[in-house]
1. Run the numbers on region 103-192 and let me know its relative contact order in percent, using alpha-carbon pairs under 8 Å that are six or more apart.
2. Rounded to the nearest 0.05, what FRET efficiency is calculated for D70 and R176 with R0 set to 35 Å and r the Cβ-Cβ distance?
3. Which order do the peptides 151-162, 76-87, 24-35, 132-143 come out in when sorted by mean C-beta neighbours inside 10 angstrom, highest first?
4. Per the helix-only calculation at 222 nm, which mean residue ellipticity applies to the chain, given -39500 (n - 2.57) for every DSSP H run of n ≥ 4 and division by its residues, nearest 500 deg cm²/dmol?
5. Which is farthest toward the positive dipole end of the chain among S65, Q118, P170, measuring Cα position about the Cα centre, with Cβ charges +1 (Lys, Arg) and -1 (Asp, Glu)?
6. Treating only the Cβ of Lys, Arg, Asp and Glu as charged (+1, +1, -1, -1), what charge dipole size does region 27-98 show about its Cα centre? Round to the nearest 20 debye.
7. Go ahead and set up a Gaussian network model of the chain, Cα springs under 10 Å, then flag whichever of L58, L114, L97 fluctuates most.
8. Do you know the relative contact order of the chain, to the nearest whole percent, from alpha carbon pairs under 8 angstrom that are 6+ apart?
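No lab work stands behind these numbers, since they all come straight from the coordinates. Predicted, not measured: the structure shown is a model, and the values here were computed from it. For neighbour counting, all protein chains shown are included, and Cβ atoms are generated from backbone atoms with ideal geometry for every residue, glycine included.
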Amino acid sequence: MKEDVLEPIDGRIDEVFALVMTLDERRPAPELPRRLTALFKDLARPDPSHPPSETLDLIWALWISHPDADAAGAMAAAVDAMAAEDFETAAGILDGLVVRRPRWSEAWNKRATLAFVQERDDEALFGIEQTLLLEPRHFGAISGFGQICLRHGRWPEAKAAFQVALSINPHLRGLREAIADIDAGGRTRRFH
């Protein structure tokens, strides 16, 4: 039955939602580049010192980089495999990365993204949770969580997640549209 399948997901959604709603109480993992803090502060300013697109590019570049060349190369290979829709290869690489580098938030995020694309939401939620435990400012993971909430009819949680993501990155226009759509009762679209 559908209800039997959704019950564990609903419990998992509740757990991740509780984490999302307390992210402001958490600190990023010390392994993350310190430069991220200044970039996030600039991103949130009404008049940022750099164009938001440049700041976002730097944030993503720092998240996806790793000081270990082998890990960085594996991540690049995983991203390429995902882009080519070679999900089996991407999964193998990302599974290995989170085992070898369990404190690399972006390895968890990419693994969660792959699970989301494949509609393996329980695994995606686990990856999102791991990402946010290491990098509570990860607006991409928070947005992904909101997408999963939408997929499971959890509109209030989706809206709250999108609002949290916007508080970190106010330049996510698609999330503003998603919130407006939820408020208008148009609860069937997925937003990217």
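1. About 21 percent, as a whole number.
2. 0.30
3. Values: 151-162: 19.3, 76-87: 14.8, 24-35: 11.9, 132-143: 24.1.
So the order, starting with the most tightly packed, is 132-143, 151-162, 76-87, 24-35.
4. Result for the chain, helices only: -22500 deg cm²/dmol.
5. After comparing all options, I get P170.
6. Details: 5 positive and 12 negative charges, 124 e Å.
For region 27-98, the charge dipole is close to 600 debye.
7. Sorting by GNM fluctuation, first place goes to L58.
8. Details: 211 pairs, mean separation 41.9, N = 192.
After rounding, I find 22 percent.
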